[in-house]
1. Determine, yes or no, whether residue 65 is without any contact (Cβ under 8 Å) to a residue 40 or more places away in the chain and in a loop (DSSP other than H, G, I, E, B).
2. In segment 1-41, which residue that is in contact (Cβ under 8 Å) with a residue 24 or more places away in the chain and in contact with a helix residue (DSSP H, G or I) (Cβ under 8 Å, 6 or more places away or on another chain) is surrounded by the fewest Cβ atoms within 10 Å (Cβ to Cβ)?
3. Restricting to segment 1-34, give me the number of residues that are more than 30 Å from residue 119 (Cβ to Cβ) and assigned to a helix (DSSP H, G or I).
4. Which one of these is of a type in the set (Val, Ile, Thr) and within 16 Å of residue 133 (Cα to Cα): 85, 45?
Amino acid sequence: MRRQRGISKLEFAVSVLLISLFAAVLLDRLLYYESVSERTYFELTLRALKNGLRWQVAHRLTNQQPVDYDSLATQNPMDWLDVPTDQYAGVISCGAVEAGTWGYDAEQHVLCYRPRFSSAFDELLDNADERLSISMKLIYNPQSDQTGGIDFKISSAD
């Protein structure tokens, strides 16, 4: 009987096919988890910005200073954080915001974010090349008895 050395071409082809199949599944899962990670980081950044806003209001109230909600609505929310997110590009036009970065448009008073993976933001974006525009909306009316404050309004921006 002849002794076999190495593997046959069929065994090699099956091995390559299986490795390719596993690599494709792994790549798909990695991209999915990366998009979920981006969405989670976006939501955590928004939560930190909301906490910064609450801190600004609370600081003024505890120091018995008037809270100028209109002024707060036009401020750069990234200034309220101890350390801005590492994805913050600074004060730039929303159109110049690159994928995966934040920017503050001082003329429009909006914070912009352009996702790298638009699939995680489908309900917020109209098309894959859009940016998210985060503006602050006054929900407190000093002339009424309603309580509220300022909250963030998220919309897609061209």
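Bear in mind these aren't lab numbers, they're just calculated from the coordinates by the rules spelled out. Bear in mind that the values here come from a model prediction, so they are computed numbers and not experimental data. A quick note on method: Cβ atoms are made from the backbone with ideal geometry, for glycine too, and the neighbour counts reach across all protein chains shown.
1. Yes, satisfied.
2. 36
3. Of the residues in that region, 7 qualify.
4. 45
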